[in-house]
Amino acid sequence: MEEFEEIRAQVLERMIKTSFCGYDPSAINFSKRAIKIRHAINKVPNRIVRKVINSVYSRFIYYSGEYAVYLLRPQKAVYSKGLALILSGLACDDTPNDELIDLIIDLIMSKRISGTFLWAHDIDYSFPGGRVVTTQTPNLVTTAFVANAFYDLYKKTKRVCYKETFNKIVLDLLENVPYKELSNDKICFMYTPITEYHVHNANLLYAELLAKKIHLGSKDADHLTILIQRALNYSLSDFSETNTYPYAGPPTRKLAIDNYHTGYLLRSLREIDCLIGGALSEDLGGEISRLLSFYIRSFVADGYIIRDHEKTVQSHSLAEAILIFKIFQSQLCPKDRGAVLAAIRKTMEVLYISEDHYFINNAKRIAGIFIKDKTEMVRWSNAWMFYALSYK
């Protein structure tokens, strides 16, 4: 996608000018004012009325980000995941950018949980069930994105220090972020050490990291392969039983489906298959093909890249679609390939603010008119889009 190279450069320059700091959907949802309002709503005695008010409030936050920021006063932050995405994007450059890479590595390392090679989400938040997760709680997904950045840098440069850092991160994850036994042959890796939500994309992302560790020459490859196989058994069996690709499986079932979480599944399965597919008990190729078909059917609609059944156009989902297109375009039939590329181009036109050089959060189409949330979200929008446009 060389046609978007100028946009990629502009977005990077914009993020540097903002010192990688900005708003985030999680910062809005979990701001002090937002939580107070949610608590007040939950005190409404009538269950149906309470549910309706909560739905309206959630939609206001999601679709009216600019107003939500003004009213709820969330804090801006530099997000470790965003920094990691930028770093992975820079690892795709053919020209050296060592000074910027070193700067971002220093920033990432400064945000580690003290005494570890683990990272948390950069604000406090609540997981389903009301459990508060603080900025000192290791977070699998944030940590995995940082690990992947060092893996990408090692692939580019072959510098041993990057490989060593990647391995330290994975070892700390194995020691601190557990898995839950579902049966003798099934496990699910947890999102954090203190939560028990069985999230499929997190489970497979963890398995992907273990596959990368094996690929780099792990002494405990046999043990790690068994863990990967058991994690795959859990997620793949749930996909088969539900005939879909839900966000979370039993015993914490959540059937919600959206663009980017489905894309995570697809990319992790592909990476695992490429790295250690021959050591696994099943051929992942068929599962990947079915999931790719599901992704195209579900998230390319009316000529746009959409987030979910509500057909919201969103920068995070656009980034995922670009990654999926770049990775899997050779597996798409000409019709699907053309449809996805055309939808990417149309969605870019909606979401990119060319005069300010950033991607907005989302846009909701009502009666053919896009209602845009122009909140600038560095991690959620710009960092994801920079990485997607960089990927080769």
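Throughout, read-outs are computed from the coordinates displayed, never taken from laboratory work. All of these numbers come straight from a predicted model, not from anything done at the bench. Note that each Cβ is placed from the backbone with ideal geometry, even for glycine, and that neighbours are counted across all protein chains shown.
Key figures for this structure:
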| item | result |
| --- | --- |
| Whole-Å semi-axes of the ellipsoid equivalent to the stretch 68-220 (Cα gyration tensor, √5λ, descending) | 26, 23, 12 |
| Reachable aspartates and glutamates, given that their alpha-carbon falls under 13 Å from the alpha-carbon of Lys346 and they are not under 8 places away in the same chain | Asp302 |
| Neighbour-limited loop hits for trypsin sites (Lys or Arg not before Pro), the stretch 2-53 (at most 15 other Cβ within 10 Å; DSSP other than H, G, I, E, B) | Lys43 |
| Residue (of Ile288, Ile187, Leu153) at the positive-pole extreme of the chain, dipole from beta-carbon charges | Ile187 |
| Local electrostatic count at Phe299 - Lys and Arg +1, Asp and Glu -1, tallied over other residues with Cβ under 13 Å | -3 |
| Local net charge near Ile353, Cβ-Cβ under 13 Å (Lys/Arg +1, Asp/Glu -1) | -3 |
| Size of electric dipole in the chain: Cβ of Lys, Arg +1 and of Asp, Glu -1, about Cα centre, debye, nearest 20 | 1420 |
| Alpha carbon Rg of the chain, scaled by the compact-globule rule 2.2 N^0.38 Å | 0.96 |
| Reach of Lys76 by Cα under 15 Å, taken over aspartates and glutamates that are not fewer than 8 positions away in the same chain | Asp24, Glu66, Asp122, Asp124, Glu376 |
| Dipole magnitude (debye, nearest 20) for the stretch 1-125, charges at Cβ of Lys, Arg, Asp, Glu | 1780 |
| Residue (of Val49, Asn29, Met15) at the positive-pole extreme of the stretch 14-66, dipole from beta-carbon charges | Val49 |
| Label-point separation, Ala367 to Ala256 (7 Å along Cα→Cβ), nm | 2.9 |
| Estimated FRET transfer efficiency when R0 is 22 angstrom, pair Lys392-Asp98 (beta carbons, to 0.05) | 0.70 |
| Given Lys36/Lys364; Lys156/Lys364; Lys155/Lys372; Lys51/Lys326; Lys17/Lys213, the pairs whose alpha carbons are separated by over 31 Å | Lys156/Lys364; Lys155/Lys372; Lys51/Lys326; Lys17/Lys213 |
